[in-house]
Structure formats: C-alpha cells, structure tokens
Amino acid sequence: MAHQYRAIVPPVSNEPTWRSLRRCSFFKLPQGLNSWLFDQSSLTQRLIEASNNQFSVKVLSQTWQLPNTSESIRLNLPLRQRALIREVILYGAGEPWVYARSVLPVRTLTGKLRVLKSLDNRPLGALLFGQPSMKRSAIEIAKFKPDNKVIPDPFNQHILWGRRSVFFLHAKPLLVSEIFLPQFKT
C-alpha cells in the first residue's frame, strides 16, 4: 500500500519582512525617507519640529489582543500570549503622517510603567525618550505592499515604509513600529 503524503503549507502571512539595517541593501529605499527610517532619536520630537509644533496623536485602538507572530518573536513572548496593543496616527500640520503600533507585554505594564496603560492621546515617544533608563534595540526596516492587512484602511493602498525597534524601560520591553503614510512629505 502506497503512502499518501500531503504537503504542509504554512499559513499565508500578511506581515512584511523586517530587515536589520545591515540587510537593507535588499531594498531600494525612497531617498528622502532614509534619514527618518534610520534616525535613532525621537520620531515624535522630529515630527513636532517638522510640523512647526502642529503635531497631534489620534488613538485608533488600545486593546488586549494577540500580537502578530513576528512581534511575539521579537519580544520573546509565547505565541498565544496577549499584550496591550496601541494603534495611533501621528498627525503633522493636520495631515496623517505616521501610523504607529505599540505592543506592550503584560510584564512591562507593572510598577512605575502602569502609566503606559493610560496614555490616551499623549505620544508614547515623549515618554520613552524622557526616561533615563530607556535603551533601544537595533532598528529594523520593512516595505509594506498595497492592500496589506497590517495597516488600517485607507492608508494601506500604497507602498509604504516603516521601522520598528524594541525599547526597554527599567529593563522591561515594548515594541514600537512606525509606518510613514503617503501624506508624509520629507
């Protein structure tokens, strides 16, 4: 009797491929976006300056949910562990410039860092870069294709570029992804 074998097909992922700065030669990055993608300083502060202080944050959602697979791996979380996920749009001069997604593990939201649960429309970046204990991992870059399921409509209709890194406050991790929207002009 012959054995029948079925191919095991991995699930299709809507996540982009995140690459370290060393491996970004695979991408043809938009010229004006390079300095924004690779900058280690506070994106919030740069956006405030670029918008002549016409900066605001709109919270899209802040809920307990399962992170994407790559987010769980990056944060060393068990794959089925929920985290607080905050999604916002950062506006400059009245235009949506950046979609940001922050993944905050349960273990991070204890002690002094409980304040991260109630940021409302305050920018997370201002809090992060105001902490003397803050450390940041290497930045990773990704290209988002149109109609991806990671970025909410109507912003996902274009090729977009983003970056992410893990921040550590008091040695507790959180992941921040920042995707530059079509209205962002460098």
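The values are calculated or read from the model by the stated rules, or taken from the named source; none is laboratory data. Predicted model only: the values in this text are computed from it and were never measured. Because the Cβ atoms are built from the backbone with ideal geometry, glycine has one as well, and the counts that use them run over all protein chains shown.
Reported count of residues in the range 56-111, each being part of a strand (DSSP E or B), surrounded by fewer than 16 Cβ atoms within 10 Å (Cβ to Cβ) and free of Cβ contacts under 8 Å to residues at least 60 places away in the same chain, is 4.
Scanning the range 120-170 for residues that are within 18 Å of F38 (Cα to Cα), part of a loop (DSSP other than H, G, I, E, B) and touching a residue at least 60 places away in the same chain (Cβ under 8 Å) gives A138, I139.
Out of S56, S51, S42, one residue alone is modelled with pLDDT of 80 or more and touching a helix residue (DSSP H, G or I) at 6+ places or on another chain (Cβ under 6 Å). It is S42. Taking the range 93-129 as the range and being among the polar types (S, T, N, Q) and over 16 Å from L77 (Cβ atoms) as the test, the residues that pass are S118, N121. Can you pull out every residue in the range 120-154 that is of a type in the set (F, W, Y) and touching a Pro at 6+ places or on another chain (Cβ under 7 Å)? Answer for the range 120-154, where residues must be of a type in the set (F, W, Y) and touching a Pro at 6+ places or on another chain (Cβ under 7 Å): just F144.
Which residues, taken from the range 171-184, are free of Cβ contacts under 8 Å to residues at least 40 places away in the same chain and of a type outside the set (A, V, I, L, M, F, W, C)? Result: P182, single match. Within the range 72-122, the residues that satisfy the criterion of being in contact with a Phe, Trp or Tyr (Cβ under 8 Å, 6 or more places away or on another chain) and either at pLDDT below 90 or under 21 Å from Q45 (Cα atoms) (or both) are E87, V88, I89, L90, Y91, G92, E95, P96, W97, V98, Y99. The residues in the range 33-58 that are aliphatic (A, V, I, L, M) and within 15 Å of the chain's Cα centre (by Cα) can be counted, and the count is 3.
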